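K.L.:
Submitted below is the structure of interest, expressed as structure tokens.
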Amino acid sequence: MRALQQDEEGALDELVARKSAGLMSVAGRMLGDPEEARDIVQITFVRVWEHRHEFRDRWSPNTWIYRIATNLTIDQLRSRQRRDQAMVAAGSSLRAVDGERRSLAELQQREVGEIFLKLVRCLSNRQRAVFVLRAIEGFDTKEVAAMVGCRASTVRNHLFVARRKLKRELEACFPEYSPGLPVDSTKEDR
């Protein structure tokens, strides 16, 4: 970060090499669209470069960068919601599958991804960010709090509520994947 603050472009290249994969993972899981996630990651690094002189040593560079990416991702989700792009996303998913031959593993992975995207719609943008950063990406609570700009207790609350909502949504929409619930598939036997 010091080299970056001294306007060394090589430092930005190194930062891009080190952080791109993790940022893509977070943005991709939150957005469900790899192209949008790539855009968010690119914009994140542009913002890092533009605001490099605002970075303070008391902050963790990792937390600072992820906070920028998370905020951009939440902004994108809000924008998508306002434009009601849910139909566009579903259409592009179907077009991607059309005409392509997929192995069973790829189809299962796609199905899991589509189920996750359907389930996380029940979460607020903050709950979705906290769930992805904490439960999926494995950042600790304090880091997530700094990334999304809230207290650690708020992160724990968002995570608790997100898990409860996701469980309820899974039970309602996909009972066959919900452990411990009887699946009523024997109606013909009655």
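K.L.:
Inside region 25-36, can you point out the residues that are over 16 Å from Asp75 (Cβ atoms) and either of a type in the set (Val, Ile, Thr) or open to solvent by 50 Å² or more (accessible area, probe 1.4 Å) (or both)?
P.N.:
Of everything in region 25-36, those that are over 16 Å from Asp75 (Cβ atoms) and either of a type in the set (Val, Ile, Thr) or open to solvent by 50 Å² or more (accessible area, probe 1.4 Å) (or both) turn out to be Arg29, Pro34, Glu35.
K.L.:
Kindly provide the set of residues from region 131-161 that are crowded, with 22+ Cβ neighbours inside 10 Å, among the aromatic types (Phe, Trp, Tyr) and either in a helix (DSSP H, G or I) or out of contact with any helix residue (DSSP H, G or I) (no Cβ under 7 Å at 6 or more places or on another chain) (or both), ordered by number.
P.N.:
Phe131
K.L.:
Identify all residues within region 37-64 that are closer than 15 Å to Gln76 by Cα and either of a type in the set (Gly, Ala, Ser) or in contact with a Cys (Cβ under 6 Å, 6 or more places away or on another chain) (or both); write none if there are none.
P.N.:
Answer for region 37-64, where residues must be closer than 15 Å to Gln76 by Cα and either of a type in the set (Gly, Ala, Ser) or in contact with a Cys (Cβ under 6 Å, 6 or more places away or on another chain) (or both): just Ala37.
K.L.:
In the list Arg128, Arg110, which residue meets the criterion of being within 17 Å of the chain's Cα centre (by Cα), modelled with pLDDT under 85 and part of a helix (DSSP H, G or I)?
P.N.:
Details: Arg128 fails: modelled with pLDDT under 85.
It is Arg110.
K.L.:
Kindly indicate whether Arg101 is in a helix (DSSP H, G or I) and either open to solvent by 40 Å² or more (accessible area, probe 1.4 Å) or at pLDDT 85 or above (or both).
P.N.:
Judged against the criteria, Arg101 is not a match.
K.L.:
Right, another one. From the list Val112, Val148, which residue is closer than 25 Å to Tyr66 by Cβ, out of contact with any Cys (no Cβ under 8 Å at 6 or more places or on another chain) and touching a residue at least 12 places away in the same chain (Cβ under 8 Å)?
P.N.:
The match here is Val148.
K.L.:
Test Ala69 against the criterion of being open to solvent by less than 70 Å² (accessible area, probe 1.4 Å), closer than 18 Å to Glu35 by Cβ, small (Gly, Ala, Ser) and at pLDDT 85 or above, and give yes or no. Steps first, please.
P.N.:
Values: open to solvent by less than 70 Å² (accessible area, probe 1.4 Å): yes; closer than 18 Å to Glu35 by Cβ: yes; small (Gly, Ala, Ser): yes; at pLDDT 85 or above: yes.
Criteria met by Ala69.
K.L.:
Does Arg164 qualify as being part of a helix (DSSP H, G or I), within 25 Å of Pro34 (Cα to Cα), at pLDDT 90 or above and under 22 Å from the mean Cα position of the chain (by Cα)?
P.N.:
Against the criterion (part of a helix (DSSP H, G or I), within 25 Å of Pro34 (Cα to Cα), at pLDDT 90 or above and under 22 Å from the mean Cα position of the chain (by Cα)), Arg164 does not qualify.
The values are calculated or read from the model by the stated rules, or taken from the named source; none is laboratory data. Everything quoted here is computed from the prediction, not taken from an experiment. Counting neighbours? That spans all protein chains shown, and the Cβs are built from the backbone with ideal geometry, glycine included. Side chains are part of the model used for accessible areas, which takes the heavy atoms of the whole protein and leaves out ligands, DNA and RNA. Shrake-Rupley method; radii C 1.70, N 1.55, O 1.52, S 1.80 Å.
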